[in-house]
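Structure first, commentary second.
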Amino acid sequence: MVLILDKQETVNKNIQINTMETLSNYSNKYSRIARYISGNMTKLEKVWFELIIARDSEMKELVNEMKKDWNTTGEFLNQKNINPNKAWSNLHQRLENENLIPSTEEATISFIPQAYIKYAAIILLISIIGGVGGYKYFNPKQILLTNTTNQNTLITTLPDGTTIYLAQNSTLAYPKRFVRGTRNVKLDGEAFFEVAKNPSKPFIIDTKAASVRVLGTSFNLKSADSKSFELNVVEGKVGVNLNSKPNEKIIAIAGDRVMANNETLVKEHLLKASTTKSTMIRLQFQDEQFENIIKVINKTYGSNIQLAGSTLKERRISVTFENDISSIVNILSVSFNLELNRQPDSTIILSEKHE
């Protein structure tokens with residue numbers, strides 16, 4: 001017997017399966033965090049999970065956020081005498097009524113076991129009761145970074161390790177953390193990108209004129225409206241799609257410049273291109289982690305500055321430097337009351353002074 005399905009029905013089934021598989025992946029991730037926070041892991045599971053947290057800064061940040069929500073809402077539940085088990089039953093009934101829980105006959109759909117999804121549901125309930133909403137974990141808050149200064153280059157490091165040098169009169173929008181299969185940001189203006197390599201999670205930059213897709217490379221990008229676009233590739237390989245003609249795509253490599261001309265992408269090879277990074281006058285950081293600032297300085301000037309102590313590395317500061325390595329070191333040591341220790345091999349170690 002041959003079973004013939006309507007084309008639209010087939011598409012709907014595929015969408016449903018993909019959606020449920022994605023939900024299963026997210027549920028698994030957050031239910032593990034819920035089990036860790038609530039103390040429902042075995043000792044071996046806890047040790048293993050803490051190793052994962054130590055190696056994954058994105059996971060560590062998410063755990064800390066969910067701990068805050070857990071503690072805050074725990075106090076709220078006690079004050080209001082709310083029964084979480086009853087709340088879970090109500091939510092479970094609503095999911096069933098809306099056909100959001102797959103039946104046992106859907107064998108092709110991988111779904112989280114009932115015992116585990118309960119923890120994810122509790123986290124969702126706690127988030128809603130606490131007024132933050134489970135939505136924020138799957139759709140992280142967008143951060144808007146704007147550089148309105150005349151001569152400063154605003155530098156930031158994204159959650160994945162990508163460093164961006166934002167030029168004057170430019171705006172960058174990016175999520176607090178990357179949770180999906182791609183790393184998407186939006187640029188209005190000009191910036192230099194040093195994209196952290198991650199073959200399984202492409203980095204995509206959306207502009208008004210075109211979109212740029214990379215895995216890990218460095219390049220300068222300028223696009224202020226739907227017609228202007230200029231890309232200069234310094235390292236690696238970059239794919240460009242024009243918004244007005246999505247099927248038109250160009251692959252650019254190191255030394256290539258891609259421009260938009262009459263709704264057509266044009267590529268040429270240059271010996272050397274001017275970039276936001278190469279023309280920096282002052283380096284500006286806003287509420288940036290100290291460790292990230294040092295990484296940028298070392299990469300920009302070929303220096304070897306090291307921070308002593310995890311507390312100092314995690315400190316967040318706002319600072320502006322002249323484009324000169326000697327003044328940068330002096331500003332850091334004096335402004336933040338740090339002890340400067342120069343090693344024979346030119347290594348500079350900064351540490352907190354002990355009274």
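Using the Cα centre of the stretch 224-278 as the reference point, and only Cβ charges (+1 on K/R, -1 on D/E), how large is the resulting charge dipole? Debye, rounded to the nearest 20. Kindly include the intermediate steps, with their values, before the conclusion.
Numbers: 8 positive and 7 negative charges, 22 e Å.
Approximately 100 debye in magnitude.
If packing is taken as the mean number of other Cβ atoms within 10 Å per residue, what is the order of 195-206, 37-48, highest first?
Working: 195-206: 16.6, 37-48: 11.7.
The densest-packed peptide leads the list: 195-206, 37-48.
Report the local net charge at Ala254: Lys and Arg +1, Asp and Glu -1, summed over other residues whose C-beta lies under 13 Å from its C-beta.
Numbers: positive: Lys237, Arg257, Lys267, Lys272; negative: Glu235, Asp256.
Residues near Ala254 contribute +2 overall.
What's the magnitude of the charge dipole for the stretch 181-228 around its Cα centre, counting Lys and Arg as +1 and Asp and Glu as -1 at the beta-carbon? Answer in Debye, nearest 20. Let's see the in-between values first.
Details: 8 positive and 5 negative charges, 38 e Å.
Roughly 180 debye, rounded to the nearest 20.
Give, rounded to the nearest 20 debye, the magnitude of the charge dipole that the stretch 294-349 has about its Cα centre when Lys and Arg contribute +1 at Cβ and Asp and Glu contribute -1 at Cβ.
On the way: 6 positive and 5 negative charges, 46 e Å.
So the magnitude is around 220 debye.
If you take the square roots of the eigenvalues of the alpha-carbon gyration tensor of the stretch 259-355 and sort them as a ≥ b ≥ c, do you get rounded (a/c under 1.5), prolate (a/b over b/c) or oblate?
Numbers: a/c = 3.01, a/b = 2.31, b/c = 1.30.
Taking the square roots of the gyration eigenvalues as a ≥ b ≥ c, the stretch 259-355 is prolate.
Give me the percent of the accessible area of the stretch 201-253 that comes from carbon and sulfur atoms, probe 1.4 Å, all protein chains in place. Walk me through the numbers on the way to the answer.
Working: 1210 of 2350 Å².
For the stretch 201-253, the apolar C and S fraction of the accessible surface comes to 51 percent.
Can you tell me how much longer the chain between Arg342 and Leu44 gets when fully stretched, taken as 0.36 nm per residue apart minus their C-alpha distance, in nm with one decimal? Write out the running numbers ahead of the final one.
Numbers: separation 298, 0.36 × 298 = 107.28 nm, distance 4.29 nm.
Once the chain is fully extended between Arg342 and Leu44, it gains 103.0 nm.
Once you list every other residue whose beta carbon is under 15 Å from the beta carbon of Thr264, what net charge do they have if Lys and Arg are +1 and Asp and Glu are -1? Display every interim value, and only then the final one.
Working: positive: Lys227, Lys245, Lys249, Arg257, Lys267; negative: Glu230, Glu248, Glu263, Glu268.
Charge balance in the 15 Å sphere: +1.
The values are calculated or read from the model by the stated rules, or taken from the named source; none is laboratory data. Given the structure is predicted, the values throughout are model-derived calculations rather than measurements. Every residue, glycine among them, receives a Cβ derived from its backbone with ideal geometry; neighbour counts consider all protein chains shown. Note: accessible area is taken over every heavy atom of the protein model, side chains too, but ligands, DNA and RNA are not part of it. Shrake-Rupley method; radii C 1.70, N 1.55, O 1.52, S 1.80 Å.
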